[in-house]
Amino acid sequence: MTRTTDSLTIILCSMLFLAGCTKGDDRVSNVLETWEESPALVKEITVTDDGQTDEFVFRIGNNGKLGFGEYGPFKAGESQKYMWHFWGDKATLLQPFKVIGVKEEKHEEVTVFQLPKSNSLAPNAGADHHLPSTMSLPSKGMWKLMVYFGDELFGEVYVEVE
């Protein structure tokens, strides 16, 4: 009987330990988190009158309710324009908007972009709301962009910075 009790105690303690590893501050990587660049939709578009083409990249967030159009890749220390698109309820999407970036190895954290509360939705290209932004990340490597409306985490996007 004590062998069974000891085995159950070990199993229970192991499960509690593993569960504890997956909780905690959302901004810090946990044991089970995978840091890979988020998927993207890529479409070839014509960019000049003489027919030259380029790629339009739309980076998709982890929950399918957000993403952004890239006007160029992330380059360390350089600002670039990005157009955010959101799908969700009006009450959420009109709250103050903030993007916090967290670097993979160092867990370095920076506020990448923020806007005060909106007064109206700006639907665009099928999205319930869109916001233009200029963003820059300070160093190369993998970054997690954590998107907040108000104090609530709305979703995340992972990007590779050159």
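The values are calculated or read from the model by the stated rules, or taken from the named source; none is laboratory data. These figures come from a predicted structure and were not determined experimentally. Because the Cβ atoms are built from the backbone with ideal geometry, glycine has one as well, and the counts that use them run over all protein chains shown.
Remarks
- Complete set of residues in the stretch 95-117 that are farther than 25 Å from PHE74 by Cβ and in contact with a Phe, Trp or Tyr (Cβ under 8 Å, 6 or more places away or on another chain): GLN95
- Lone qualifier among LEU145, LEU153, LEU121, LEU131 - being in contact (Cβ under 8 Å) with a residue 12 or more places away in the chain, under 18 Å from THR92 (Cβ atoms) and assigned to a loop (DSSP other than H, G, I, E, B): LEU121
- Boolean, GLY77 is within 13 Å of the chain's Cα centre (by Cα), on the phi > 0 side of the Ramachandran plot and among the small types (Gly, Ala, Ser): no
A quick yes/no check of all residues on (1) at pLDDT 85 or above; (2) assigned to a loop (DSSP other than H, G, I, E, B); (3) among the small types (Gly, Ala, Ser):
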| position | (1), (2), (3) |
| --- | --- |
| ASP6 | no, no, no |
| ILE11 | no, no, no |
| LEU16 | no, no, no |
| VAL31 | no, yes, no |
| GLU36 | yes, yes, no |
| PHE56 | yes, no, no |
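- For THR22: the one exception among (1) among the β-branched types (Val, Ile, Thr); (2) at pLDDT below 90; (3) within 25 Å of GLU162 (Cα to Cα): (3)
- Selection of the stretch 91-112 for residues being in a loop (DSSP other than H, G, I, E, B) and closer than 16 Å to TYR158 by Cβ yields GLU104, GLU105, LYS106, HIS107, GLU108.
- Failed item in (1) at pLDDT 95 or above; (2) farther than 16 Å from ARG59 by Cβ, with LYS106 passing the rest: (1)
- Residue check for THR111: more than 14 Å from LYS144 (Cα to Cα), of a type in the set (S, T, N, Q) and either surrounded by fewer than 17 Cβ atoms within 10 Å (Cβ to Cβ) or free of Cβ contacts under 8 Å to residues at least 12 places away in the same chain (or both): no
Results for (1) under 19 Å from GLU162 (Cα atoms); (2) free of Cβ contacts under 8 Å to residues at least 24 places away in the same chain; (3) in contact with a strand residue (DSSP E or B) (Cβ under 8 Å, 6 or more places away or on another chain); (4) of a type in the set (Val, Ile, Thr), shown as yes or no for each residue.
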{"site": "VAL47", "(1), (2), (3), (4)": "no, yes, yes, yes"}
{"site": "ASN63", "(1), (2), (3), (4)": "no, no, yes, no"}
{"site": "PHE68", "(1), (2), (3), (4)": "yes, no, yes, no"}
{"site": "LYS75", "(1), (2), (3), (4)": "yes, no, yes, no"}
{"site": "TYR82", "(1), (2), (3), (4)": "yes, no, yes, no"}
{"site": "GLN95", "(1), (2), (3), (4)": "no, no, yes, no"}
{"site": "LEU115", "(1), (2), (3), (4)": "no, yes, yes, no"}
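- Qualifying residue in the stretch 90-97 (condition: at pLDDT 95 or above, of a type in the set (A, V, I, L, M) and exposed (fewer than 13 other Cβ atoms within 10 Å of the Cβ)): yes
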